[in-house]
Structure formats: structure tokens, C-alpha cells
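This report concerns only the one structure given below.
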Amino acid sequence: MPVLLADLLATVERLWPVSGAEPWDAPGLVTGDPAREVSRVALAVDAVAATVDEAVGAGADVLIAHHPLLLRGVTSIAEDRYKGALLARLIRADCALIAAHTNADVVETGTSAVLADRLGLVDATPIVPGATDGTRGLGRVGRLPEPTTLGRLARRLAEVLPPTASGVRAAGGYDDPVSTVAVCGGAGDSLLSHPAVQRADVYVTADLRHHPASEAREQAVLGGGPALIDVSHWASEWLWLDAAAGELRAAHPDLEVAVSDLRTDPWDFQVLQ
């Protein structure tokens, strides 16, 4: 049975309602004709040259990226600028581009929920409950089936996540006990002071900057607070792609849905001192 891009967009909206997106976000259809029939869908965290080339080379009719290509306003899509070049490549190949960003973070099977599930967290609930019908909330906090240590949890994350140059960094004692874990896929330092995070033994997120992380650890010395684990932004959200692909296949059995294994983390190597 033919699937129109409009049908796929309706499924995307059902799975990841735009109403759940942050006000600053830009999810939805970026380019493509809703009336066109589609048969192949590619999924990636980032719409960059490598993933666009991969999707076009595989004959994909649609690329669904977690991160919006046009998140911030642009005044030109000239092809001597990378965003213009990517859009031109997609349009010439008749490959649509869809973004599912913070609207895919907050649902029941969103980025943080998948990460929490891979860590085996029990009774996981949102750090920040959703304010819109159809959304569950941002981040997750739950208990490990059995207590462990910060070092062992960091090693577990290194096994669960795809490898990156930055690896897994931790702030706290290697043997510090850990039972309650808060997670937020992607950049999550805005939640460092949230009560649910403060009550956790450790907070796992990405893109932790020097000052917020330093201040959180200094405050923990005085009044308690979590140990910190910082992972790659791309890696923390890549796990979600398989879950998203499964939901799309269930909704549209006639579609061929592929997940990109390409590493689009921006860092290539690290030199340890």
C-alpha cells in the first residue's frame, strides 16, 4: 500500500507531537512534497554532509533527523554555505527532511526514556513533567535494580553508548555508592538545580560546561547534590533512533526504515595528559 509523505508526517505528529516541543525549537517538515509517495526512510541524530550523503546514496525518500538543520534563523541557503548545500542536495535527490527534536525528547519513548531503559532504571519518572497533553516530560529519574558505584556506572555507560572521542567523564569518587540516577539526553545542565536531580545520587547528561558543573559540585560539598557523568551529546541521543525506527515500522510496515550508524559527534580524537 503506497505511503504518502503526508501519511508519514501524520505518524510523526502522533508519535512526537509538535505541541510538546520547546518554544525555541523548530521541529517538523523542512523540505519535501507531502503529496509524494515514499518507501525508504533514514534516521540520524544530525543532518550533516555524511548522513545526507548516506541517505541519498541509499535511495531514501525521507531523512528524519533529531536535530533541526534550521534551528536558528538563516538569511541565505546559498550553496557555498553548508546548510544551503545540504538542502540543495536533498531537494535535487527528492529526499524530504523532517526534524523531531524536543518533541521527541518528552514522550514516553523519548531520548531520555530510552537511555534510562538501557541503564535498567526502575520506576523511572520525568524530571520535569510535561505541560502539554500527550507528553510525559523531560529527562528521567529512577532507581538501579541493584546499588553500584559511580565508577561502575560510568563503565556501564561506556558499554551502552557508542564510542566517541570524548568518552565518559565523571565528577565524584570512583567508589561512591549510587542507587538513584537522573538522566537527560542531550545538553542538560539547565536541570542541574532541579530538586529531582539534586536528590539523585548521580546525574547523567551531555555538554556539561565548566562553570555549571563546578558550581554544582561545590554546592554538593556544602548541602548535598549528585555526582555528575558527562557523555557525548550525539551518543546520548543516538540510542533513541532504534526505538523511533521500531515505532515507524509498526505504523507503516510497507516502509523500509534504516538507522544511520555514522558517528556525527564533532570530535575526532582526544590526547590524554
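Annotations
- Test result for Ala35, part of a loop (DSSP other than H, G, I, E, B) and either in contact (Cβ under 8 Å) with a residue 12 or more places away in the chain or surrounded by fewer than 20 Cβ atoms within 10 Å (Cβ to Cβ) (or both): yes
- Within segment 73-106, being assigned to a helix (DSSP H, G or I) and either under 28 Å from Ala243 (Cβ atoms) or charged (D, E, K, R) (or both) holds for Lys83, Leu86, Leu87, Arg89, Leu90, Arg92, Thr102, Asn103, Ala104, Asp105.
- Matching residues in segment 20-32 - criterion: being within 18 Å of the chain's Cα centre (by Cα) and not in a strand (DSSP E or B): Gly20, Ala21, Glu22, Pro23, Trp24, Asp25, Ala26, Pro27
- Cβ-Cβ under 9 Å pairs, at least 6 apart or on other chains, segment 42-58 side crowded, with 24+ Cβ neighbours inside 10 Å, far side in a helix (DSSP H, G or I) and of a type in the set (S, T, N, Q): Ala42/Thr51; Ala44/Thr51; Val45/Thr51
To keep it simple, each residue is scored yes or no on (1) farther than 20 Å from Ala113 by Cα; (2) of a type in the set (A, V, I, L, M); (3) crowded, with 18+ Cβ neighbours inside 10 Å; (4) assigned by TED's automatic domain parsing to the domain that holds Leu121.
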position: Ala182; (1), (2), (3), (4): no, yes, yes, yes
position: Gly246; (1), (2), (3), (4): no, no, no, no
position: Glu256; (1), (2), (3), (4): yes, no, no, no
position: Leu262; (1), (2), (3), (4): yes, yes, no, no
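- The C-beta contact set for segment 6-18 (first residue assigned by TED's automatic domain parsing to the domain that holds Thr31, second residue part of a helix (DSSP H, G or I) and hydrophobic (A, V, I, L, M, F, W, C), distance under 7 angstrom, 6+ apart or interchain) comprises Thr11/Leu248; Thr11/Ala251; Trp16/Ala104.
The values are calculated or read from the model by the stated rules, or taken from the named source; none is laboratory data. Remember, it's a predicted structure, so these values are computed and weren't measured experimentally. So basically every Cβ, Gly included, is an ideal-geometry build from the backbone, and we count neighbours across all protein chains shown.
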